[in-house]
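Pasting in a structure now, in structure tokens, and then I'll have a few things to ask.
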């Protein structure tokens, strides 16, 4: 017999397995996807939470990454501010461009 709970458990175990086996780069892609989906739904809190995860993933310790991290920090904070102002179109455009750039970078280095 089919139950919603059984389906949910299979889905959850699939997602857990997918996340556990993902590289750090793939996890960043998943965060971008989550942010984009929630931005499209006008879900400010979830979008801003995803942006905070991206902020927390920035590397300020490595001198070669510091400049890029500072630029991304300002961009992510700008997106959070724009979500609070309900300017989802601006945020969606930025997130999609960043995701595409990240995806292309992964293809070129992978």
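In square nanometres, what is one fourth of the surface area of the convex hull spanned by the alpha carbons of the chain?
8.5
Over every pair of different alpha-carbon atoms in the stretch 63-110, take the mean of 1/r and invert it; report that Kirkwood radius in Å. Please list the in-between numbers first.
Working: mean 1/r = 0.0846 Å⁻¹.
Computed over the stretch 63-110, the radius equals 11.8 Å.
For helix 44-56, report the angle its Cα long axis makes with the longest principal axis of the Cα atoms of the chain; keep it between 0 and 90° and round to the nearest 10°.
60
Shifting gears a bit: How do 53, 91 line up, fewest other C-beta atoms within 10 Å first?
Values: 53 17, 91 25.
Ranked by crowding around the Cβ, least crowded first: 53, 91.
If you take the beta carbon distance between residue 101 and residue 49 as r and set R0 to 22 Å, what does 1/(1 + (r/R0)^6) give as a FRET efficiency, to the nearest 0.05?
Plugging the Cβ-Cβ distance into 1/(1 + (r/R0)^6) gives 0.50.
Further, regarding this structure: Quick check: the angle from helix 24-40's long axis to the longest principal axis of the chain, C-alpha only, nearest 10 degrees?
80
A short reminder: the numbers here are calculations on the coordinates, not readings from a lab. What you are looking at is a predicted structure, and each value in this text was computed from that prediction instead of being measured. Positions of Cβ are generated from backbone atoms using ideal geometry, with glycine treated the same way; all protein chains shown enter the neighbour counts.
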